[in-house]
Amino acid sequence: MADAYIFDAVRTPRGKGKKDGSLHEATPIRLATQMLQALPARNAGLDTKQIEDVILGCVTPVGEQGADIARTAVLMAGYDESVPGVQVNRFCASALEAVNMAAAKVASGQSPMAVAGGVEGMSRVPMASDGGAWATDPAVAIPTHFVPQGISADLIATKYGFSRDDCDAYSVESHKRSTQSWQEGRFAKSVVPVTDILGLPLLAKDETIRADASMQSLGSLKPSFADMGKNYGFDGVAIQKYPEIERINHVHTPGNSSGIVDGAAAILIGTKEAGEKAGLKPRARIRACASIGSEPTIMLTGPSYAAERALGKAGMSKADIDLWELNEAFAAVVLRFMQVLDIPHDKINVCGGAIAMGHPLGATGAMILGTLLDEMERRGAGTGLATLCIGAGMGTATIIERV
């Protein structure tokens, strides 16, 4: 087995996922295309003929995002026509799963070089536009105790003792860290501004960060999932699965949950020999990857299990990890992860996260891996682990080691 190395990582800034967002006029194809074009543009020795696959995550692969968006983006990016493309969907971890699939291809010798990443244009293709039996077919939803993710997040907070203040305080820190990271130029290495069809800039910076976020401003927001839980019976479904819970404490709001945004990301992965052929210097080695299933009603507890599985594959312990990245789908998800693995807050999501900057579903996994690598280099850290919670009860994790 060969080692799989990361040579480069790029992402768009995240644009507000509504019609008045700065990236709304940019189609998902345009977002993905510009990230694919950025890799050879930044790495002059790279011939796209060397790339034997492009794997892109996309969680809502319909309409403008349908019909294998990866192959379409490859063609639009001007890659050699021999480069194939495939779209994958592991919900919120799709882009990290794409990275892990590319790493497996490289390590097995099947593809000496590949690109992995993801895209989601949430302002143009709304979340859940693709439907799905789990949420819509009573014959599936009832026996599996389906509840929406927001109910799951509130269930985690209730079961493990996280208050509204706990979640809001975490969120204030996410905005603070994201603001500081932009001010200090921590994202400058990876963020590629998005341009329109005339080449004019649309967005160069994450759009949803609120530098003035405070406990007072977040405390004024109403819980997002209380009505859904009570009026549509989902609280009862969750309690049926977890009868030790007397009632669900609805603590998650738009202020302490991930933002809906547009964005794309791409990571160049290959063997050391392929990199040398292209004149590229490896930045990190992908040391281990793992995905796992977890209980689907509480749904969002999978990251700790995935992290532990990846650590076991690498022959490592949590003490061997210098920095951690966990997608901030909801504040309680990160609080529970830190609680389970006993991780101090100053080692996780140190540049902020999706509560402040947003969560473009199919792209986030690659975005947080790139952020992790940049910050490891900035700090001189040796190892990092990126992970995400996933719909339907799963987790995916990747461990990288600086070269």
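The values are calculated or read from the model by the stated rules, or taken from the named source; none is laboratory data. A quick note: this is a predicted structure, and the numbers were derived from the prediction, not measured. Every residue, glycine among them, receives a Cβ derived from its backbone with ideal geometry; neighbour counts consider all protein chains shown. Just the protein is used for accessible areas: all its heavy atoms, side chains included, with ligands, DNA and RNA removed. Shrake-Rupley method; radii C 1.70, N 1.55, O 1.52, S 1.80 Å.
Quick notes on this one:
- Each part gets one Cα centre, and for region 223-287 versus region 181-203 those centres are 24 Å apart.
- Pairs from the list Lys18/Lys189; Lys16/Lys49; Lys313/Lys347; Lys16/Lys277; Lys176/Lys313; Lys49/Lys347 with a Cα-Cα gap above 30 Å: Lys16/Lys49; Lys16/Lys277; Lys176/Lys313; Lys49/Lys347.
- Dividing the Cα radius of gyration of the chain by its Kirkwood radius returns 0.95 for Rg/Rh.
- Cα-centred dipole magnitude for region 248-403, charges only on beta-carbon of K, R (+1) and D, E (-1), debye, nearest 20: 380
- With the helix formula -39500 (n - 2.57) applied to DSSP H stretches of n ≥ 4, the chain reaches a computed 222 nm mean residue ellipticity of -10500 deg cm²/dmol.
- Packing around the peptides 37-48, 327-338, 245-256, taken as the average count of other Cβ atoms within 10 Å per residue, puts them in this order, highest first: 327-338, 245-256, 37-48.
- Unit charges on C-beta of K, R, D, E only; dipole of region 1-136, Debye: 460
- The amide H of Asp53, built 1.01 Å from its N in the peptide plane, has Val115 as neighbours under 5 Å, considering only residues 5 or more places off or on other chains.
- Met76-Asn43 pseudo-label distance in nm [points 7 Å out on the Cα-to-Cβ vector]: 2.2
- Spatial separation of Cα centroids for region 342-382 and region 1-44, in angstrom: 17
- Once the Cα-Cα distance is subtracted from the 0.36 nm per residue extended length, the Glu25 to Arg379 segment shows a gain of 123.8 nm.
- Label-point separation, Ile197 to Val86 (7 Å along Cα→Cβ), nm: 3.3
- Its relative contact order, with pairs defined as Cα atoms under 8 Å and 6+ residues apart, puts the chain at 28 percent.
- Kyte-Doolittle at least 0.5, axis length at least 20 Å by Cα - qualifying DSSP helices, the chain: 94-108
- Å² of accessible area per residue within region 214-363, as computed with a 1.4 Å probe and no ligands counted: 39
- Estimated FRET transfer efficiency (Ile245, Gln339; beta-carbon r; R0 22 Å; 0.05): 0.80
- Remark: the Cα gyration tensor places region 348-395 in the prolate category, a/c being 1.5 or greater and a/b exceeding b/c.
- Residues considered: Ala139, Ala226, Ala77. Largest GNM mean-square fluctuation over the chain, using C-alpha springs under 10 Å, is found at Ala139.
- Projected label distance in nm at Gln183 and Asp166, using a 7 Å step from Cα toward the beta-carbon: 2.9
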